[in-house]
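The values are calculated or read from the model by the stated rules, or taken from the named source; none is laboratory data. These figures come from a predicted structure and were not determined experimentally. Cβ sites come from the backbone with ideal geometry, for glycine too, and all protein chains shown count toward neighbours. Quick note on the areas: whole protein, heavy atoms, side chains included, nothing else; ligands and nucleic acids left out. Shrake-Rupley method; radii C 1.70, N 1.55, O 1.52, S 1.80 Å.
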Amino acid sequence: MKATASANANIALIKYWGKRNEELILPQNSSVSVTLEGLKTVTTVDFDKKYKKDNFTLNGKKISGEPFERIAGFLNIIRKMAGSGLKAKIFSKNFFPTATGLASSSAGGAALALASSKAIGLDLNKKELSLLARRNSGSASRSIEAGFVEWEKGEKEDGTDSFGKQVCDKDYWPEFRIIAGVLNEEEKKTKSRPGMKQSVQTCPFYKVWVENSEKQAKQIKKFIPEKKFTKLGELAENNALMLHSVMFNTILPIVYFSGKTVEMIKAVRKWRASGLECYFTIDAGPQVKIICLEKDIPEIKRKLKGIKAIKKIYICKPGDGARLINKHLF
Ligand code: PMV
(Lines give C-alpha, C1' and ligand atoms only; values in the text may rest on other atoms or scores of the structure.)
Protein backbone atom coordinates (compact mmCIF):
# COMPACT_ATOMS: atom_id res chain seq x y z
CA MET A 1 0.00 0.00 0.00
CA LYS A 2 2.60 2.46 -1.18
CA ALA A 3 2.10 5.57 -3.31
CA THR A 4 4.23 8.57 -4.30
CA ALA A 5 3.02 12.00 -5.31
CA SER A 6 4.68 15.13 -6.58
CA ALA A 7 3.18 18.57 -5.95
CA ASN A 8 4.28 22.12 -6.67
CA ALA A 9 4.17 24.99 -4.22
CA ASN A 10 1.83 27.86 -4.92
CA ILE A 11 2.34 31.54 -4.24
CA ALA A 12 -0.75 33.53 -3.36
CA LEU A 13 -1.48 36.77 -5.19
CA ILE A 14 -4.33 37.40 -2.74
CA LYS A 15 -3.33 35.87 0.58
CA TYR A 16 -4.95 33.68 3.19
CA TRP A 17 -4.27 34.85 6.74
CA GLY A 18 -6.63 33.71 9.48
CA LYS A 19 -9.10 30.95 10.13
CA ARG A 20 -12.75 30.96 11.11
CA ASN A 21 -12.49 27.32 12.18
CA GLU A 22 -9.16 26.13 13.56
CA GLU A 23 -9.90 22.41 13.50
CA LEU A 24 -11.30 22.22 9.97
CA ILE A 25 -8.90 24.92 8.68
CA LEU A 26 -11.60 27.15 7.22
CA PRO A 27 -10.34 30.57 6.16
CA GLN A 28 -11.74 33.99 6.95
CA ASN A 29 -11.30 35.13 3.35
CA SER A 30 -10.90 33.65 -0.12
CA SER A 31 -7.42 33.60 -1.66
CA VAL A 32 -6.01 33.28 -5.19
CA SER A 33 -2.67 31.76 -6.12
CA VAL A 34 -0.45 30.42 -8.89
CA THR A 35 0.83 26.86 -8.69
CA LEU A 36 4.47 27.09 -9.76
CA GLU A 37 6.57 24.78 -11.86
CA GLY A 38 9.83 23.82 -10.17
CA LEU A 39 9.06 24.43 -6.48
CA LYS A 40 8.36 20.77 -5.93
CA THR A 41 7.84 18.33 -3.05
CA VAL A 42 7.84 14.56 -3.56
CA THR A 43 6.25 12.36 -0.89
CA THR A 44 6.05 8.59 -0.56
CA VAL A 45 3.55 7.05 1.86
CA ASP A 46 3.40 3.39 2.80
CA PHE A 47 0.62 1.98 5.01
CA ASP A 48 1.54 -1.45 6.34
CA LYS A 49 0.91 -3.61 9.37
CA LYS A 50 4.67 -3.99 9.83
CA TYR A 51 4.75 -0.39 11.17
CA LYS A 52 4.00 -0.19 14.89
CA LYS A 53 3.66 3.61 14.75
CA ASP A 54 3.64 6.41 12.18
CA ASN A 55 6.97 7.87 11.23
CA PHE A 56 7.88 10.82 9.06
CA THR A 57 11.20 11.76 7.47
CA LEU A 58 11.59 15.14 5.77
CA ASN A 59 14.69 15.90 3.70
CA GLY A 60 16.47 12.95 5.29
CA LYS A 61 15.70 14.03 8.88
CA LYS A 62 13.34 12.18 11.19
CA ILE A 63 10.65 14.61 12.34
CA SER A 64 9.29 14.65 15.91
CA GLY A 65 7.39 17.08 18.18
CA GLU A 66 4.69 19.43 16.90
CA PRO A 67 5.38 19.03 13.15
CA PHE A 68 5.10 15.25 13.57
CA GLU A 69 1.90 15.56 15.64
CA ARG A 70 0.34 17.54 12.78
CA ILE A 71 1.16 14.79 10.29
CA ALA A 72 -0.11 12.08 12.66
CA GLY A 73 -3.36 14.05 13.13
CA PHE A 74 -3.74 14.26 9.37
CA LEU A 75 -3.13 10.51 8.98
CA ASN A 76 -5.91 9.92 11.53
CA ILE A 77 -8.30 11.82 9.24
CA ILE A 78 -7.25 9.60 6.30
CA ARG A 79 -7.55 6.41 8.38
CA LYS A 80 -11.03 7.43 9.48
CA MET A 81 -12.08 8.08 5.88
CA ALA A 82 -10.75 4.67 4.78
CA GLY A 83 -11.86 2.74 7.87
CA SER A 84 -8.27 1.57 8.43
CA GLY A 85 -6.05 1.23 11.48
CA LEU A 86 -2.76 0.84 9.60
CA LYS A 87 0.24 2.97 10.53
CA ALA A 88 2.34 4.73 7.91
CA LYS A 89 5.91 5.42 6.96
CA ILE A 90 6.37 8.71 5.11
CA PHE A 91 9.38 10.09 3.28
CA SER A 92 9.18 13.59 1.90
CA LYS A 93 11.69 15.67 -0.02
CA ASN A 94 11.51 19.37 -0.83
CA PHE A 95 13.36 20.50 -3.91
CA PHE A 96 13.61 24.05 -2.54
CA PRO A 97 14.30 25.55 0.94
CA THR A 98 11.85 24.50 3.65
CA ALA A 99 9.88 26.96 5.84
CA THR A 100 11.48 30.16 4.59
CA GLY A 101 8.36 31.71 3.11
CA LEU A 102 8.71 29.80 -0.15
CA ALA A 103 5.42 28.05 0.53
CA SER A 104 6.84 24.61 1.25
CA SER A 105 3.74 23.75 3.29
CA SER A 106 1.51 24.11 0.23
CA ALA A 107 3.52 21.62 -1.84
CA GLY A 108 4.04 19.26 1.10
CA GLY A 109 0.39 19.23 2.13
CA ALA A 110 -0.84 18.57 -1.41
CA ALA A 111 1.70 15.78 -2.07
CA LEU A 112 0.85 14.17 1.27
CA ALA A 113 -2.91 14.30 0.63
CA LEU A 114 -2.57 12.63 -2.76
CA ALA A 115 0.05 10.02 -1.79
CA SER A 116 -1.60 9.02 1.49
CA SER A 117 -5.14 8.80 0.10
CA LYS A 118 -3.93 6.65 -2.80
CA ALA A 119 -1.76 4.47 -0.55
CA ILE A 120 -4.65 3.72 1.78
CA GLY A 121 -6.88 2.78 -1.15
CA LEU A 122 -9.07 5.87 -1.56
CA ASP A 123 -9.69 7.16 -5.06
CA LEU A 124 -10.48 10.85 -4.62
CA ASN A 125 -11.33 13.43 -7.26
CA LYS A 126 -9.68 16.87 -7.31
CA LYS A 127 -12.32 18.53 -5.17
CA GLU A 128 -12.09 15.78 -2.55
CA LEU A 129 -8.29 15.94 -2.64
CA SER A 130 -8.31 19.69 -2.15
CA LEU A 131 -10.75 19.40 0.76
CA LEU A 132 -8.40 16.84 2.28
CA ALA A 133 -5.18 18.79 1.63
CA ARG A 134 -6.81 21.80 3.32
CA ARG A 135 -6.97 19.80 6.56
CA ASN A 136 -3.16 19.55 6.51
CA SER A 137 -2.34 23.13 5.57
CA GLY A 138 -4.74 25.74 4.22
CA SER A 139 -2.58 26.81 1.30
CA ALA A 140 -2.13 23.14 0.28
CA SER A 141 -5.77 23.13 -0.88
CA ARG A 142 -4.62 25.36 -3.78
CA SER A 143 -1.69 23.13 -4.87
CA ILE A 144 -3.89 20.22 -5.98
CA GLU A 145 -4.83 22.15 -9.13
CA ALA A 146 -2.55 23.45 -11.90
CA GLY A 147 -2.16 27.08 -12.92
CA PHE A 148 -4.19 29.88 -11.33
CA VAL A 149 -6.35 28.70 -8.45
CA GLU A 150 -8.90 30.22 -6.12
CA TRP A 151 -9.56 28.83 -2.64
CA GLU A 152 -13.09 29.99 -2.01
CA LYS A 153 -13.65 30.58 1.65
CA GLY A 154 -17.06 28.85 1.50
CA GLU A 155 -20.03 29.38 3.78
CA LYS A 156 -20.84 25.96 5.18
CA GLU A 157 -19.92 25.07 8.72
CA ASP A 158 -18.65 21.63 7.72
CA GLY A 159 -16.25 23.18 5.19
CA THR A 160 -17.42 21.12 2.22
CA ASP A 161 -17.58 24.24 0.02
CA SER A 162 -14.08 25.47 0.96
CA PHE A 163 -11.62 24.07 -1.60
CA GLY A 164 -9.33 25.07 -4.45
CA LYS A 165 -10.84 25.64 -7.90
CA GLN A 166 -8.93 26.35 -11.06
CA VAL A 167 -9.37 29.86 -12.46
CA CYS A 168 -7.14 29.30 -15.55
CA ASP A 169 -4.93 26.36 -16.49
CA LYS A 170 -1.12 26.55 -16.52
CA ASP A 171 -0.93 26.98 -20.30
CA TYR A 172 -3.46 29.80 -20.42
CA TRP A 173 -0.91 32.50 -19.62
CA PRO A 174 2.47 30.91 -20.41
CA GLU A 175 4.33 34.24 -20.26
CA PHE A 176 3.43 34.75 -16.60
CA ARG A 177 6.39 34.39 -14.23
CA ILE A 178 7.17 34.53 -10.54
CA ILE A 179 10.80 34.88 -9.54
CA ALA A 180 11.47 33.69 -6.02
CA GLY A 181 14.72 35.15 -4.73
CA VAL A 182 16.16 33.46 -1.70
CA LEU A 183 17.55 36.08 0.66
CA ASN A 184 18.06 34.00 3.72
CA GLU A 185 17.60 30.28 4.02
CA GLU A 186 17.16 30.24 7.78
CA GLU A 187 13.87 28.72 8.91
CA LYS A 188 11.35 31.35 9.96
CA LYS A 189 10.66 32.01 13.63
CA THR A 190 6.88 32.43 13.77
CA LYS A 191 5.02 29.66 11.97
CA SER A 192 2.01 30.82 9.98
CA ARG A 193 -0.47 28.76 12.03
CA PRO A 194 0.04 30.45 15.45
CA GLY A 195 0.88 33.73 13.72
CA MET A 196 -2.42 34.06 11.88
CA LYS A 197 -4.35 33.00 14.97
CA GLN A 198 -2.76 35.87 16.89
CA SER A 199 -3.65 38.29 14.08
CA VAL A 200 -7.33 37.25 14.09
CA GLN A 201 -7.45 37.78 17.86
CA THR A 202 -5.44 40.99 18.22
CA CYS A 203 -5.07 43.03 15.01
CA PRO A 204 -7.42 46.02 15.43
CA PHE A 205 -8.14 46.19 11.70
CA TYR A 206 -8.32 42.45 11.01
CA LYS A 207 -11.92 42.81 9.79
CA VAL A 208 -10.80 45.36 7.21
CA TRP A 209 -8.19 42.89 5.96
CA VAL A 210 -10.87 40.22 5.49
CA GLU A 211 -13.31 42.50 3.66
CA ASN A 212 -10.60 43.98 1.47
CA SER A 213 -9.06 40.62 0.54
CA GLU A 214 -12.45 39.15 -0.28
CA LYS A 215 -13.07 42.05 -2.67
CA GLN A 216 -9.57 41.74 -4.17
CA ALA A 217 -9.98 37.98 -4.71
CA LYS A 218 -13.07 38.69 -6.83
CA GLN A 219 -11.22 41.40 -8.80
CA ILE A 220 -8.13 39.34 -9.52
CA LYS A 221 -10.27 36.44 -10.70
CA LYS A 222 -11.35 38.73 -13.56
CA PHE A 223 -7.87 40.10 -14.31
CA ILE A 224 -6.37 36.61 -14.81
CA PRO A 225 -8.56 35.44 -17.74
CA GLU A 226 -8.33 38.93 -19.25
CA LYS A 227 -4.51 38.86 -18.80
CA LYS A 228 -4.57 42.34 -17.27
CA PHE A 229 -1.03 42.19 -15.96
CA THR A 230 -0.72 45.74 -14.62
CA LYS A 231 -3.96 45.55 -12.67
CA LEU A 232 -3.06 42.09 -11.34
CA GLY A 233 0.41 43.20 -10.24
CA GLU A 234 -0.84 46.34 -8.51
CA LEU A 235 -3.51 44.40 -6.66
CA ALA A 236 -1.17 41.59 -5.59
CA GLU A 237 1.39 44.08 -4.28
CA ASN A 238 -1.26 45.98 -2.36
CA ASN A 239 -2.63 42.78 -0.83
CA ALA A 240 0.84 41.66 0.30
CA LEU A 241 1.55 45.03 1.94
CA MET A 242 -1.77 44.93 3.71
CA LEU A 243 -1.01 41.41 4.95
CA HIS A 244 2.27 42.59 6.44
CA SER A 245 0.52 45.61 7.99
CA VAL A 246 -1.79 43.13 9.73
CA MET A 247 1.26 41.15 10.87
CA PHE A 248 3.03 44.29 12.18
CA ASN A 249 -0.16 45.23 14.03
CA THR A 250 -0.57 41.86 15.71
CA ILE A 251 0.23 41.54 19.40
CA LEU A 252 3.07 40.55 19.64
CA PRO A 253 4.12 42.02 16.27
CA ILE A 254 5.05 39.49 13.58
CA VAL A 255 7.93 40.83 11.54
CA TYR A 256 9.01 38.57 8.70
CA PHE A 257 10.83 41.38 6.91
CA SER A 258 14.59 41.60 7.09
CA GLY A 259 16.56 44.66 6.01
CA LYS A 260 17.12 42.84 2.73
CA THR A 261 13.37 42.49 2.21
CA VAL A 262 13.01 46.27 2.33
CA GLU A 263 15.97 46.68 0.00
CA MET A 264 14.25 44.36 -2.50
CA ILE A 265 10.90 46.18 -2.25
CA LYS A 266 12.65 49.47 -3.02
CA ALA A 267 14.55 47.93 -5.91
CA VAL A 268 11.40 46.52 -7.54
CA ARG A 269 9.63 49.86 -7.24
CA LYS A 270 12.62 51.69 -8.71
CA TRP A 271 12.83 49.30 -11.67
CA ARG A 272 9.13 49.73 -12.28
CA ALA A 273 9.40 53.52 -12.20
CA SER A 274 12.07 53.24 -14.89
CA GLY A 275 9.72 51.25 -17.17
CA LEU A 276 10.56 47.64 -16.25
CA GLU A 277 7.17 46.25 -15.31
CA CYS A 278 7.39 44.04 -12.23
CA TYR A 279 5.67 43.76 -8.87
CA PHE A 280 6.47 42.06 -5.58
CA THR A 281 4.68 39.78 -3.16
CA ILE A 282 5.87 38.51 0.25
CA ASP A 283 4.60 35.65 2.42
CA ALA A 284 5.45 34.45 5.91
CA GLY A 285 9.19 34.91 5.51
CA PRO A 286 11.77 37.43 4.29
CA GLN A 287 11.67 36.26 0.65
CA VAL A 288 10.50 38.71 -1.98
CA LYS A 289 8.85 37.16 -5.00
CA ILE A 290 8.79 39.17 -8.20
CA ILE A 291 5.75 38.99 -10.45
CA CYS A 292 6.66 39.66 -14.07
CA LEU A 293 6.31 38.55 -17.69
CA GLU A 294 8.71 36.34 -19.62
CA LYS A 295 9.94 39.14 -21.90
CA ASP A 296 11.41 41.03 -18.94
CA ILE A 297 13.26 38.09 -17.36
CA PRO A 298 16.71 38.81 -18.90
CA GLU A 299 16.65 42.41 -17.67
CA ILE A 300 15.37 41.49 -14.20
CA LYS A 301 17.98 38.74 -13.91
CA ARG A 302 20.68 41.24 -14.83
CA LYS A 303 19.44 43.65 -12.18
CA LEU A 304 19.16 40.91 -9.53
CA LYS A 305 22.83 40.05 -10.08
CA GLY A 306 23.63 43.46 -8.63
CA ILE A 307 21.88 42.65 -5.33
CA LYS A 308 24.38 40.88 -3.10
CA ALA A 309 21.80 39.71 -0.56
CA ILE A 310 20.26 37.26 -3.03
CA LYS A 311 21.76 33.82 -2.77
CA LYS A 312 19.68 31.99 -5.32
CA ILE A 313 16.74 32.59 -7.62
CA TYR A 314 13.96 30.34 -8.87
CA ILE A 315 12.25 31.49 -12.07
CA CYS A 316 8.86 29.82 -12.19
CA LYS A 317 6.01 29.69 -14.67
CA PRO A 318 2.51 28.38 -13.90
CA GLY A 319 2.87 24.67 -13.20
CA ASP A 320 1.10 21.36 -12.78
CA GLY A 321 -1.16 20.34 -9.97
CA ALA A 322 -0.41 17.37 -7.70
CA ARG A 323 0.15 14.08 -9.52
CA LEU A 324 1.11 10.49 -8.80
CA ILE A 325 4.55 9.32 -9.90
CA ASN A 326 6.11 5.85 -10.10
CA LYS A 327 9.49 6.57 -8.52
CA HIS A 328 9.18 5.91 -4.77
CA LEU A 329 11.53 7.54 -2.25
CA PHE A 330 12.00 4.22 -0.38
O1 PMV B 1 -1.23 27.32 4.63
P2 PMV B 1 -0.27 27.95 5.60
O3 PMV B 1 -0.60 27.64 7.01
O4 PMV B 1 1.17 27.61 5.26
O5 PMV B 1 -0.39 29.53 5.48
C6 PMV B 1 -0.05 30.27 4.30
C7 PMV B 1 0.04 31.70 4.59
C8 PMV B 1 0.61 32.59 3.50
O9 PMV B 1 1.60 31.93 2.76
C10 PMV B 1 1.24 33.81 4.17
C11 PMV B 1 -0.48 33.11 2.57
C12 PMV B 1 -1.03 32.17 1.52
O13 PMV B 1 -2.18 32.36 1.15
O14 PMV B 1 -0.31 31.29 1.04
Size of charge dipole - the chain - debye, nearest 20, with Cβ of Lys, Arg +1 and Asp, Glu -1, no other charges: 820
Rg (Å, one decimal) plus Dmax (Å, integer) for the alpha carbons of segment 1-92? 15.5, 44
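Return the calculated 222 nm mean residue ellipticity for the chain, to the nearest 500 deg cm²/dmol, obtained by summing -39500 (n - 2.57) across DSSP H runs with n ≥ 4 and dividing by the residue count.
-12000 deg cm²/dmol
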Cysteines having no other Cys beta carbon under 4.7 Å from their own, within the chain: CYS168, CYS203, CYS316
Which one of ALA217, ASN238, VAL182 is farthest out on the positive end of the charge dipole of segment 175-238, using unit charges on Cβ (Lys, Arg +1; Asp, Glu -1) and the Cα centre as origin? ALA217
Please list, by residue number, every one of the trypsin sites (Lys or Arg not before Pro) in segment 264-330 that is coil in DSSP and has at most 16 other beta-carbon atoms within 10 Å. LYS308, LYS311, LYS327
Square roots of five times the Cα gyration tensor eigenvalues for the chain, Å: 31, 21, 19
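Select from segment 146-183 those chymotrypsin sites (Phe, Trp or Tyr not before Pro) which occupy a DSSP coil region and have at most 16 other Cβ atoms within 10 Å, ordered by residue number.
TYR172
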Using the Karplus curve 6.51 cos²θ - 1.76 cosθ + 1.60 with θ = phi - 60°, work out ³J(HN,Hα) for each residue of segment 160-174 in order, rounded to whole Hz, and write x for Gly and Pro. 6, 10, 10, 8, x, 10, 6, 8, 8, 6, 5, 8, 5, 10, x
Span-rule helices in the chain, defined as complete DSSP H runs reaching 18 Å or more along the axis (Cα) with Kyte mean at least 0.0: 65-82, 104-119, 229-248
Points 7 angstrom from Cα along the Cβ direction at SER64 and LYS295: gap in nanometres? 5.7
Between segment 45-98 and segment 249-309, the Cα center-to-center distance that results, in Å: 36
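With +1 on each Lys and Arg Cβ and -1 on each Asp and Glu Cβ, and nothing else charged, work out how big the dipole of segment 189-330 is about its Cα centre, in Debye to the nearest 20.
420
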Just to be sure I understand the model, the point goes 7 Å from the Cα along the line to the Cβ. What's the resulting LYS227 to GLU263 distance in nm? 3.6
Calculate, for the chain, the solvent-accessible area per residue in square angstrom, rolling a 1.4 angstrom probe over the heavy atoms of the protein chains. 44
Loop-only trypsin sites (Lys or Arg not before Pro) in segment 83-159, please: DSSP not H, G, I, E or B, and at most 12 other Cβ atoms within 10 Å. LYS156
Residues meeting the amide H criterion for CYS203 (H placed from the backbone, H to H distance under 5 Å, 5 or more places apart or on another chain) are ILE251
Residues of segment 111-155 with the amide nitrogen closer than 14 Å to a label point 7 Å from the Cα of PHE330, along Cα-to-Cβ, please. none
Carbon-plus-sulfur fraction of the accessible area of the chain, 1.4 Å probe, in percent? 52
Heavy atoms of VAL167: accessible area, 1.4 Å probe, square angstrom to 10: 40
Roughly speaking, what % of Cα-Cα pairs in segment 176-291 are separated by over 20 Å, rounded to a whole number? 46
Report the FRET efficiency, 1/(1 + (r/R0)^6), for VAL208 and LYS50, where r is their Cβ-Cβ distance and R0 is 41 Å, rounded to 0.05. 0.15
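Could you sort out which of LYS126/LYS170; LYS40/LYS153; LYS266/LYS303; LYS15/LYS93; LYS52/LYS327 sit more than 20 Å apart by Cα distance in this structure?
Pairs exceeding 20 Å: LYS40/LYS153; LYS15/LYS93; LYS52/LYS327.
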Cα centroid distance between segment 109-149 and segment 15-39, in Å? 13
Which one, ASN249, THR57, VAL45, projects farthest toward the positive side of the charge dipole computed for the chain from Cβ point charges (K/R +1, D/E -1)? THR57
